[in-house]
Amino acid sequence: METDNQTSSSEFILLGLSEKPEQETLLFALFLCMYVVTVVGNLLIILAISTDFHLHTPMYFFLANLSLVDFCLASDTVPKMLVSIQIKSKSISYSCCLTQMYFFHFFGIMDSVLIAVMAYDRFVAICHPLHYTNIMSPRLCGLLVGGPWVFSGFISLTHILLMARLVFCGNIELPHYFCDLTPLLRLSCTDTSVNKIFVLIVAGMVIATPFICILASYAHIIVAIVKVPSAGGRKKTFSTCSSHLSVVVLFYGTTIGVYLCPSSVRTAVKEKASAVMYTAVTPMLNPFIYSLRNRDLKGALMKLANRKITSSS
């Protein structure tokens, strides 16, 4: 019976970003606006790329997939928080918690790997421009996107299976606004050493390794840019990478702080702030980062807007 009592925690309490009721209205309005912008921005990017034949290239294929992943990542966490604030209920069932955690890790891993894939695409385009078409073939592009989907699903499922074996005792209050892995491990009253080791292994595979690959790609890109004889040519070449670099800084700056920093320097407040950055802010900003600095994408968006205006008039 004692084991039944320990495992009978059929729900958790998500304490949210703030425990002060007077701040929840402001948080609801803020995150609702952010989510609407995220949904509209990313879906417009996907629609513009899919409808414009000139954007059917590897770079925009990867960007469309990144927009899809960003949309799904934000949709996994933000709507639940908005509903909880609106109905004044912070509980989440055990099964829903594990489901949310699965998709959070699934799309988070996809985000990390796709950003590294896009760095490789820029490396080939700048360092091997004459062989770009042959190297970035449709088959390779499909593997670079399809492979991470399978890999991400396997890793996320393993996380859930390892989490399902844990026992949660009396405390069911989660100091977060969604079911994240690290805060949940702290609530368990059983040995979580296997889970923590797996977290470190996965962090090395899906955060550290892609980040190192990105650094290696940009090291070669910088060398190639320096060799460009004209200043105008160097500026033009670098401009093709500036949007991607901004995304790299936004995403990896927060995820490394959460999953690779020692637990002694992490706090619940820092974890929640970092989580907001990569689950809400980054997915919202990515469409602006890519569209505002990309003439072809801005043109495709303008065509899409004009088409909608013409069809409605």
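The values are calculated or read from the model by the stated rules, or taken from the named source; none is laboratory data. It should be emphasised that the depicted structure is a prediction, and the values quoted were computed from it without experimental measurement. Reconstructed Cβ throughout: ideal geometry from the backbone, glycine too, with neighbour counts over all protein chains shown. Each accessible area value is taken on the protein alone, full model and side chains, heavy atoms only, with ligands, DNA and RNA left out. Shrake-Rupley method; radii C 1.70, N 1.55, O 1.52, S 1.80 Å.
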Practice problem: Filter the range 65-84 for residues that are of a type in the set (A, V, I, L, M), open to solvent by 20 Å² or more (accessible area, probe 1.4 Å) and in contact with a helix residue (DSSP H, G or I) (Cβ under 7 Å, 6 or more places away or on another chain) and give the result. | Solution: L68
Quiz item: Is there a residue in the range 220-227 that is closer than 25 Å to P129 by Cα and of a type in the set (G, A, S)?
Solution: yes
Self-check item: Residues that are crowded, with 18+ Cβ neighbours inside 10 Å and in contact with a Leu (Cβ under 8 Å, 6 or more places away or on another chain), drawn from the range 85-102
Solution: I85, K90, I92, C97, M101, Y102
Quiz item: Of the numbered conditions (1) touching a residue at least 40 places away in the same chain (Cβ under 8 Å); (2) hydrophobic (A, V, I, L, M, F, W, C); (3) under 30 Å from I160 (Cβ atoms), I46 satisfies every one except a single condition; which is it?
Solution: (1)
Practice problem: Quick one: A48 ticks every box in (1) closer than 19 Å to Y177 by Cβ; (2) assigned to a helix (DSSP H, G or I); (3) not β-branched (V, I, T) except a single one, so which number is it? | Solution: (1)
Quiz item: Which condition does H131 not pass, out of (1) in contact with a Cys (Cβ under 9 Å, 6 or more places away or on another chain); (2) of a type outside the set (D, E); (3) open to solvent by 10 Å² or more (accessible area, probe 1.4 Å); (4) farther than 13 Å from Y177 by Cα, if it passes all the others?
Solution: (1)
Practice problem: Working only within the range 42-63, note down all residues that are closer than 18 Å to I115 by Cα, out of contact with any Ser or Thr (no Cβ under 7 Å at 6 or more places or on another chain) and open to solvent by less than 20 Å² (accessible area, probe 1.4 Å). | Solution: I49, Y60, F62, L63
Self-check item: Checking S242 against (1) at pLDDT 90 or above; (2) loosely packed, with under 15 Cβ neighbours inside 10 Å; (3) farther than 30 Å from S93 by Cβ, the condition it does not meet
Solution: (1)
